[in-house]
Amino acid sequence: MQEDTPDFEADDGFDRPSKSQMKRDMTALQKLGEDLLALPESRWEPLALPEILYDALKACKKITNFEGRRRQMQYIGKLMRKIDPEPVREAVAAFKLGHAQDSLRLHQSERWRERLLASDDALQDFLNEHADVDIQQLRNLVRAARKDAANVPEKRSGRAFRELFQFIKASAAPEASEPADDADE
């Protein structure tokens, strides 16, 4: 009963991608163009984009109309087919990773602030991890932030609360460069 199905051979003309696969590839390039558009213009320069693509990206930033922007993004996707997408993918990934690391540092600083305000033991833990901080200034900021929290009903207010966060954030920033220094020793 199955004898009516034709046998396909390797040279029957199926050596190119299907139409659906080509559409998926084009949509992926259009999405990559959207990601490229999200990068700051200063990150476009090292990519050595063709001038026509660079101009299309700049024009797209100015378009506010939904349909006009959609059509411009399709045009950018078409232009993206003519370039090597790998450097663009790498630049987008590096940019996103940088934002994720910055966000992580901010969240860690917030957690340290909460711990410092909650207990005195956290102060010693913080000093063990950040040996190069000004201990007296840190103690003064913690004391003032606790005092503000006692006087003000909502905890997330007060100048000392914000200053303590800024101090923690600044002391955590050099950590990113410390592993390189440890390798030199």
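Taken together, the values in this text are just the output of simple stated rules run on the coordinates, not laboratory data. Note that this is a predicted model, so its numbers are computed, not measured. Reconstructed Cβ throughout: ideal geometry from the backbone, glycine too, with neighbour counts over all protein chains shown.
Listed values, structure above:
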read-out	value
Hits in the stretch 108-137 - residues which are under 13 Å from Leu164 (Cβ atoms) and in contact (Cβ under 8 Å) with a residue 60 or more places away in the chain	Ser109, Trp112
Residues within the stretch 25-57 that are within 22 Å of Ala94 (Cβ to Cβ), over 21 Å from the mean Cα position of the chain (by Cα) and surrounded by fewer than 17 Cβ atoms within 10 Å (Cβ to Cβ), tallied	3
Residue match in the stretch 27-34 (condition: in contact (Cβ under 8 Å) with a residue 60 or more places away in the chain, in contact with a Lys or Arg (Cβ under 7 Å, 6 or more places away or on another chain) and within 25 Å of Gly98 (Cβ to Cβ))	yes
